[in-house]
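Colleague: Before I ask anything, let me first share the structure, which is written out below as structure tokens.
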Amino acid sequence: MGTVLVIDDHETVRLGISKIVDRMGHHGLTAASGAEGLELFRAQDVDFVITDLKMEGMDGVEVLRRIRELDPDVPVMIITAYGTVETAVEAMKIGAFDFVTKPFAPEVVRLKVTRAMELCEARRARNRFEQETEYLRGQVELRCGELVGRSEAMQQIFRAIEKVAPTDTTVLITGESGTGKELVARAIHAKSKRAGGPFVAVNCGALAEGLLESELFGHERGAFTGAVRRKMGRFELANGGTLFLDEISEISPALQVKLLRAIQERTFERVGSERTIEVDVRIVAATNRNLEERVRQGLFREDLLYRIMVVPIEIPPLRDRREDIVDLSKHLVERLSQRLGMAQKVVSDEALGRLMAHHWPGNVRELENALEQALVFCDGERIEVDCLPTQLRPQPHDESTLSISNDQASLPEILEDLERQLILKAYHESGGTKTETARRLGIKTSALYYKLDKYGIR
Ligand SMILES: Nc1ncnc2c1ncn2[C@@H]1O[C@H](COP(=O)(O)OP(=O)(O)OP(=O)(O)O)[C@@H](O)[C@H]1O
Ligand SMILES: [Mg+2]
């Protein structure tokens, strides 16, 4: 949680804002003049400054200017009762984070504080990134094959890959969709002594049982209707290399038996043939399901699980390793702009703040898609918040307070509608974290669950 310095010569205003800040779980500091504010700023670690414009002595624009000199990374927001376009423009020109006219709803303060904290977090992460990259180079590998990641979790995975790659051990990679399972499999192959051989991937979830069997083991001519010529299976194609069995949880029980034998003995028969074929393949499997759970449900063979789970590698979801987002964004923007034949672009601090705050249910793949969309929509050299996909942009209704969609409705209906909007907003702003949403709304988590259910919010 951060520290917010509120400078205003009106006691009620500064205490009011500071109270809102405290209720958000941050720490509010107050000063009655620009000079006092600057003194506090020098003495304390301040993350966000909110200052009045018109004050005796030093005015808000001067405060902004001095703070920019002391620390250009700290956002400063100016509030005023005399909102003129000119002062707003001037303030924004010298780098004000935002400009708000009094009176404003508490909701506006909360929203600005949230945005400013995001921006602060992004700037800190970027600074850390810049300082550490130099220092870390040579100490820690920030990459492993195509994989990028500085988080402790990814560093551990890199070490596991280095260790396991040179052996022929079977590896099971687990992780939510889009976390980079295939990339880990490719890195294992690339760092193994089989790197010169083929890397063959099969998506076990994409084919019906019969087709999957012939895809894996091949078939003889006439083995079934439509089998007009002999076909080699993926096991044979992967000979001398690595076979990547993706979505292995989806294999039918009957085929699991055949797969178990193929993995155990490295032998199998093509569909429609008696001849046993022997291959030299290394198996890497992946799944986004809980295989132990599938075993308990009787959907996955326990012996097969133990056979493939010799070395497990678990990739945590992106939201649990947010420190990877700066490097990943940079890496993905480089890769995408190359692929799209575009000039290199950088992600603005504010946009990065949004990226770091998002929940990323689709993990790195979702991040990649968001950045691709941003690159396509963005005209300038920088990817700004406006270029991000809608779910990442601050919602338009954020700016105003809540809206009554149908004022003909009854009071209970209107209240329900407002409640729903408030919950949605808090839910969105806390990145879909339920405990945080409940905290913001000041209700119990159990009450929140009930309400999420009631309003069909997922
Ligand atoms: N650590 C990483 N560094 C760089 N790129 C990554 C990383 N993790 C994932 N990616 C990129 O994100 C995308 C998704 O990765 P990948 O296909 O390996 O995920 P997956 O776990 O196999 O997903 P799914 O379960 O949906 O098949 C790819 O374009 C990949 O290049
Ligand atoms: Mg995959």
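The values are calculated or read from the model by the stated rules, or taken from the named source; none is laboratory data. Just so it is clear, the model here is predicted, and its values are computed rather than measured. No Cβ is skipped: glycine too gets one built from the backbone with ideal geometry, and neighbour counts run over all protein chains shown.
Colleague: Looking only at the range 81-118, which residues are more than 19 Å from D71 (Cβ to Cβ) and loosely packed, with under 13 Cβ neighbours inside 10 Å?
Modeller: Across the range 81-118, the qualifying residues are A81, Y82, T84, V85, E86, V89, P103, A105.
Colleague: Filter the range 177-204 down to the residues that are near ligand 1 (Cβ under 9 Å from one of its atoms) and either surrounded by fewer than 19 Cβ atoms within 10 Å (Cβ to Cβ) or among the basic types (K, R) (or both) and list them by number.
Modeller: S177, K181, E182, L183, R186, N203
Residues are listed down the side, and each one gets a yes or a no for (1) assigned to a loop (DSSP other than H, G, I, E, B); (2) at pLDDT 85 or above; (3) of a type in the set (K, R):
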| site | (1), (2), (3) |
| --- | --- |
| T87 | no, no, no |
| R115 | no, yes, yes |
| L119 | no, yes, no |
| R150 | yes, yes, yes |
| A153 | no, yes, no |
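Colleague: Inspect the range 277-288 for any residue being within 16 Å of ligand 1 (Cβ to nearest atom), within 30 Å of G432 (Cβ to Cβ) and surrounded by fewer than 17 Cβ atoms within 10 Å (Cβ to Cβ) and give the result as yes or no.
Modeller: Taking every residue of the range 277-288 in turn, none turns out to be within 16 Å of ligand 1 (Cβ to nearest atom), within 30 Å of G432 (Cβ to Cβ) and surrounded by fewer than 17 Cβ atoms within 10 Å (Cβ to Cβ).
Colleague: Return yes or no: is F158 within 16 Å of ligand 1 (Cβ to nearest atom) and out of contact with any Phe, Trp or Tyr (no Cβ under 8 Å at 6 or more places or on another chain)?
Modeller: Here the answer is yes, as F158 does meet what is asked.
Colleague: Answer yes or no: is there a residue in the range 123-145 that is within 30 Å of L305 (Cβ to Cβ), crowded, with 18+ Cβ neighbours inside 10 Å and outside the structural domain of D246 (by TED's automatic domain parsing).
Modeller: Yes; the residues of the range 123-145 include at least one that is within 30 Å of L305 (Cβ to Cβ), crowded, with 18+ Cβ neighbours inside 10 Å and outside the structural domain of D246 (by TED's automatic domain parsing).
Colleague: Between a residue in the range 306-335 that is modelled with pLDDT under 95 and any residue that is among the aromatic types (F, W, Y) and more than 13 Å from ligand 1 (Cβ to nearest atom), which pairs come within a Cβ distance under 6 Å, given they are 6 or more apart or on different chains?
Modeller: Pairs found: V326/F129.
Colleague: Would you be able to say whether some residue in the range 232-252 is surrounded by fewer than 15 Cβ atoms within 10 Å (Cβ to Cβ), of a type in the set (K, R) and assigned by TED's automatic domain parsing to the domain that holds L172?
Modeller: no
Colleague: Tell me yes or no: at least one residue of the range 357-375 is assigned to a helix (DSSP H, G or I), free of Cβ contacts under 8 Å to residues at least 12 places away in the same chain and not polar (S, T, N, Q).
Modeller: no
Colleague: Hey, can you tell me all the residues within the range 423-450 that are acidic (D, E) and touching a residue at least 12 places away in the same chain (Cβ under 8 Å)?
Modeller: The answer is E429, and nothing else.
Colleague: Return the residue satisfying two criteria in turn: it lies in the range 407-434 and is over 11 Å from I457 (Cβ atoms) and assigned to a loop (DSSP other than H, G, I, E, B), and of such residues it is modelled with the highest pLDDT.
Modeller: T433
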